[in-house]
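A quick write-up on the structure given underneath.
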Amino acid sequence: MISLPAPHCVIVHGAWHGGWCWRFVADRLKAGGRQVFAPSLTGLGERAHLLDETVNLSTRIEDVCRLIRTEALSDVVLVGHSYGGMVVSGVADRMPERIRTLVILDGFVPVDGKAMTDYWPAALKAEWDAKAAASGGLSVPPISAESFGVSEHLRDWVNSNCVPHPYASLNEKIRLTGGRERVPRKIYIRATKMRSHPFDGFLKELQADEGWRTIALDCGHEAMVDAPELLADVLESVT
């Protein structure tokens, strides 16, 4: 029997995080024979020193597109968590021919012309506008690990690694041309232990879309931190 190579995995973090948050999942996927890339987006993680007023959503989409091109990756399993759903949507739209499976984990699945903040209630948008004003509009401070329900023994690690997030990247409206919908397999994973009106809305919408498969996981929003074995198993099974 001929053994087919395992697909490449490119896994993209959410707001305030970096590639570090995927450590436990990446280890398990690598043990299964996959080549895994967990980049830190510009201005976050070990690249936090690159934060400036020019960093926006387009910057982050280009980060991941350049990784895929530079590493000459194809047949890619592209995963985006939370805000990362905005990023991977843009990447999949630009290069659907390189993407085997698109997975959005408890994240945003935008339509053309929408920013992440367009999915927020007006009161929440006003709250974050005020928080961003403290940095001159440059960034917003991290949400605590406690608020996301991270296990107590991992909270200090998560809080110490999260950094302010460039606000322009949350407010830039994405431009999509239909490429994302040409990706052969598209999967939405909802982590059901965190209440979220936007994510529940995406889940309901995609459950009615024949082009998407939906999965519910019994875990919190930070699934890659709190439930890495469960998440890795699901990613392996669907890709």
Checking SER139 against (1) more than 17 Å from the chain's Cα centre (by Cα); (2) under 15 Å from GLY14 (Cα atoms); (3) free of Cβ contacts under 8 Å to residues at least 60 places away in the same chain; (4) surrounded by 14 or more Cβ atoms within 10 Å (Cβ to Cβ), the condition it does not meet: (3)
Suppose the filter is under 19 Å from the mean Cα position of the chain (by Cα), assigned to a loop (DSSP other than H, G, I, E, B) and either at negative phi or crowded, with 16+ Cβ neighbours inside 10 Å (or both); does VAL150 pass it? yes
Taking region 180-239 and the residues there that are under 18 Å from VAL77 (Cα atoms) and polar (S, T, N, Q), the one that is modelled with the highest pLDDT would be THR214
Pairs with Cβ under 8 Å, 6+ apart, first in region 204-224 and open to solvent by 30 Å² or more (accessible area, probe 1.4 Å), second aliphatic (A, V, I, L, M) and in a loop (DSSP other than H, G, I, E, B): GLU205/VAL109
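Could we say that ALA223 is out of contact with any Pro (no Cβ under 7 Å at 6 or more places or on another chain) and closer than 20 Å to LEU29 by Cα here? Even if it seems obvious, please write down each step before you answer.
Values: out of contact with any Pro (no Cβ under 7 Å at 6 or more places or on another chain): yes; closer than 20 Å to LEU29 by Cα: yes.
Spelling it out, ALA223 is indeed out of contact with any Pro (no Cβ under 7 Å at 6 or more places or on another chain) and closer than 20 Å to LEU29 by Cα.
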Being within 21 Å of VAL79 (Cα to Cα) and exposed (fewer than 13 other Cβ atoms within 10 Å of the Cβ) is the filter here, so list the residues in region 107-128 that pass it. VAL111
Please specify each residue of region 107-140 satisfying the condition of being touching a helix residue (DSSP H, G or I) at 6+ places or on another chain (Cβ under 6 Å) and not aromatic (Phe, Trp, Tyr). GLY107, VAL109, PRO110, ALA115, MET116, THR117, LYS125, VAL140
What about TRP16, is it in a helix (DSSP H, G or I) and among the aromatic types (Phe, Trp, Tyr)? no
Limited to region 178-197, what total is found for residues that are touching a helix residue (DSSP H, G or I) at 6+ places or on another chain (Cβ under 6 Å) and either in a loop (DSSP other than H, G, I, E, B) or of a type in the set (Gly, Ala, Ser) (or both)? 3
Residue in region 26-33 that is closer than 28 Å to MET116 by Cα and part of a helix (DSSP H, G or I) present: yes
Selection from region 198-239 of residues that are under 18 Å from the mean Cα position of the chain (by Cα), in a helix (DSSP H, G or I) and closer than 22 Å to LYS114 by Cα: PRO198, PHE199, ASP200, GLY201, PHE202, LEU203, LEU206
Against the condition touching a helix residue (DSSP H, G or I) at 6+ places or on another chain (Cβ under 6 Å) and more than 20 Å from ASN171 (Cα to Cα), how does ALA38 come out, does it pass? yes
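The values are calculated or read from the model by the stated rules, or taken from the named source; none is laboratory data. All figures in this text were calculated on a predicted structure; none of them were measured in a lab. Here Cβ is always computed from backbone atoms with ideal geometry, including for glycine, and neighbour counts include all displayed protein chains. Heavy atoms of the whole protein, side chains included, go into the accessibility calculation; ligands, DNA and RNA do not. Shrake-Rupley method; radii C 1.70, N 1.55, O 1.52, S 1.80 Å.
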